[in-house]
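K.L.:
First, the structure itself, so that you have it in front of you.
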Amino acid sequence: MYRNVVDKVEWYRKAAEQGHTCAQFSVGEMYEYGKGVDKNNSIAVEWYRKAAKRGHADAQTSLDNLTKRLQKII
């Protein structure tokens with residue numbers, strides 16, 4: 001399995017870059033919540049958007065929720 005969270009991020013990112021929607025969603029979550037990476041909502045939105053465009057329902061929900069929260073900040 002994974003030695004640590006950083007390894008997990010690396011493997012999820014590799015799968016996400018190859019188009020795996022569940023991995024794209026997971027990478028989005030990692031960036032949204034700062035799990036193994038620095039928290040970065042812009043990058044989270046990018047990964048959620050990629051997964052959502054390919055039909056990942058949870059990614060669409062997370063994208064909508066994150067976008068709404070970011071709009072309240074602005």
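K.L.:
Is at least one residue of region 46-53 surrounded by fewer than 16 Cβ atoms within 10 Å (Cβ to Cβ) and part of a loop (DSSP other than H, G, I, E, B)?
P.N.:
Within region 46-53 (the criterion being surrounded by fewer than 16 Cβ atoms within 10 Å (Cβ to Cβ) and part of a loop (DSSP other than H, G, I, E, B)), the answer is no, since none of the residues qualifies.
K.L.:
Working carefully through the options 72, 50, find the one that is more than 10 Å from the chain's Cα centre (by Cα) and of a type in the set (Lys, Arg).
P.N.:
On the way: 50 fails: more than 10 Å from the chain's Cα centre (by Cα).
Only one candidate passes the filter, namely 72.
K.L.:
Here is a further query. Return the pair list, or none, for Cβ contacts closer than 9 Å from residues in region 54-74 that are under 17 Å from residue 43 (Cβ atoms) to residues that are β-branched (Val, Ile, Thr), at least 6 apart or on different chains.
P.N.:
That search, which allows pairs on different chains as well, returns 56/21; 59/21; 63/45; 66/45; 67/45; 70/45.
K.L.:
Return the residues of region 32-45 that are in contact with an Asp or Glu (Cβ under 8 Å, 6 or more places away or on another chain) and buried (at least 19 other Cβ atoms within 10 Å of the Cβ); say none if nothing qualifies.
P.N.:
44
K.L.:
On the basis of being crowded, with 16+ Cβ neighbours inside 10 Å and either in contact with a helix residue (DSSP H, G or I) (Cβ under 8 Å, 6 or more places away or on another chain) or aromatic (Phe, Trp, Tyr) (or both), does residue 67 make the cut? First the steps, then the outcome.
P.N.:
Details: crowded, with 16+ Cβ neighbours inside 10 Å: no; either in contact with a helix residue (DSSP H, G or I) (Cβ under 8 Å, 6 or more places away or on another chain) or aromatic (Phe, Trp, Tyr) (or both): yes.
Against the criterion (crowded, with 16+ Cβ neighbours inside 10 Å and either in contact with a helix residue (DSSP H, G or I) (Cβ under 8 Å, 6 or more places away or on another chain) or aromatic (Phe, Trp, Tyr) (or both)), residue 67 does not qualify.
None of the figures in this text is laboratory data; all of them are computed from the coordinates on show. Model, not experiment: these values are computed from the prediction. Neighbour counts run over all protein chains shown; Cβ positions are idealised from the backbone, glycine included.
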